[in-house]
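Everything below concerns the one structure shown next.
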Amino acid sequence: DGAAFANPPRLHPFEAIDWIREAGGTSVIAHPGLYGDDVLVEEIIRHGAQGIEVYHSDHGPEDEIRYIRLAEKYKLIITGGSDYHGKREEEVFHGPIGNRTVHVDVLKQLDPARRGSL
């Protein structure tokens, strides 16, 4: 409600995947556990997402297992990260930097030029 507040229109996930594909990039579903809708997550995957963020500060062990299984089912790149967004009222938002990691080889999987040779 502040003077500088702006709420820009959100991009539909399908449109984002299409744009990423057109630009030659690799699309990854970020923090699927926060969506609260695994039916939607699977629809996004079927639309062409190439990866899924399994390891996230707000995902519990059950979430990780569920998303690993989805990644295996659809042959997706498994990514992860802390999703650090700084502090809000002295509390770290999502997770501290480095609390969720994946092997450096994931970078090679994300590179479209290298993906075909892996």
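The values are calculated or read from the model by the stated rules, or taken from the named source; none is laboratory data. A quick note: this is a predicted structure, and the numbers were derived from the prediction, not measured. All Cβ positions, even for glycine, are placed from backbone atoms using ideal geometry, and neighbour counts span all protein chains on display. Areas reflect the complete protein model, heavy atoms only, side chains present, ligands, DNA and RNA absent. Shrake-Rupley method; radii C 1.70, N 1.55, O 1.52, S 1.80 Å.
What part of the accessible area of the chain, given as a whole %, is carbon or sulfur when the probe is 1.4 angstrom? Answer for the chain: carbon and sulfur cover 53 percent of the accessible area.
On C-alpha positions alone, give me the angle between the axis of helix 38-47 and the longest principal axis of the chain, in degrees, nearest 10. Once rounded, one gets 50 degrees.
Once all protein chains are placed together, Tyr35 keeps about 90 Å² accessible to a 1.4 angstrom probe. In the full protein context, the stretch 1-95 carries 65 Å² of accessible surface per residue, based on a 1.4 Å probe and ignoring ligands, DNA and RNA. Heavy-atom accessible surface of Ile77, to the nearest 10 Å², is about 10 Å², with a 1.4 Å probe and all protein chains retained. Rounded to whole Å, the principal axis extents of the Cα atoms in the stretch 1-45 read 38, 28, 13, largest first. The value of relative contact order for the chain, using C-alpha pairs under 8 Å at least six residues apart, is 20 percent. Only protein heavy atoms count here; under a 1.4 Å probe, His31 has an accessible surface of about 50 Å². Database remark: amide H of Ile77 closer than 5 angstrom to the amide H of Gly51, Ile52 (H placed geometrically; neighbours at sequence offset of 5 or more, or on other chains; Pro and chain starts carry no H). With both labels modelled 7 Å from their Cα along Cα-to-Cβ, the Phe14 to Ala30 distance reads 2.2 nm.
For the chain, the share of DSSP beta bridges that are antiparallel, to the nearest 5, is 20%.
Roughly how tilted is helix 61-74, in degrees to the nearest 10 and between 0 and 90, from the longest Cα axis of the chain? The two axes meet at around 40 degrees.
Calculated FRET efficiency, Ile65 to His103, Cβ-Cβ distance, R0 = 22 Å: about 0.75 to the nearest 0.05.
With the convex hull of the Cα atoms taken as the outline of the chain, the averaged projected area works out to 9.3 nm². A crude spin-label estimate for the pair Ala6 and Lys87, with each label 7 Å from Cα along the Cβ direction, gives 2.9 nm. What you get for the chain, charging only the Cβ of Lys and Arg (+1) and of Asp and Glu (-1), is a dipole of about 580 debye around the Cα centre.
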